[in-house]
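One structure is given below, encoded as structure tokens.
The values are calculated or read from the model by the stated rules, or taken from the named source; none is laboratory data. What you see is a predicted model, and the numbers here were worked out from it, not measured in a lab. Counting neighbours? That spans all protein chains shown, and the Cβs are built from the backbone with ideal geometry, glycine included. Note: areas computed on protein heavy atoms with side chains; ligands, DNA, RNA excluded. Shrake-Rupley method; radii C 1.70, N 1.55, O 1.52, S 1.80 Å.
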Amino acid sequence: MADVALKDSRGEANSDLSKRPTHKADLGTDNFEREFTLGLLENEGETLGRVEASLERIEDGTYGDCEECGRKIPKARLNAIPYATTCVKCASALERG
Ligand SMILES: [Zn+2]
């Protein structure tokens with residue numbers, strides 16, 4: 001099951017992005033879908049790649065976890081930046097280098 005899901009997401013990411021909306025609907029996740037759709041419409045391109053990564057994180061069950069410190073990213077931040085992969089603290093630390 002997990003193996004199939006992984007292949008599925010990788011395949012889609014590399015081939016046909018237009019399949020994503022259908023796939024998202026299948027997930028049936030609360031308001032995440034809406035947030036990601038808004039993100040897609042706002043700024044395609046770079047954002048699209050980040051949204052794709054976020055969708056994979058949802059499938060992996062790691063969405064909302066900071067990649068740097070492993071803590072939960074505050075919901076307010078995710079509302080502002082649905083594809084954020086780090087908490088505010090880590091993000092600013094990364095910006096400073
Ligand atoms: Zn962090």
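Brief remarks follow.
- If you go through region 62-80 and keep only what is without any contact (Cβ under 8 Å) to a residue 24 or more places away in the chain and within 14 Å of the ligand (Cβ to nearest atom), you end up with T62, G64, D65, E67, C69, G70, R71, K72, I73, P74, R77.
- Scanning region 41-70 for residues that are open to solvent by 100 Å² or more (accessible area, probe 1.4 Å) and aliphatic (A, V, I, L, M) turns up just one, L41.
- Hits in region 71-97 - residues which are assigned to a loop (DSSP other than H, G, I, E, B) and either out of contact with any strand residue (DSSP E or B) (no Cβ under 8 Å at 6 or more places or on another chain) or open to solvent by less than 50 Å² (accessible area, probe 1.4 Å) (or both): I73, P74, I81, P82, Y83, A84, T85, T86, C87, G97
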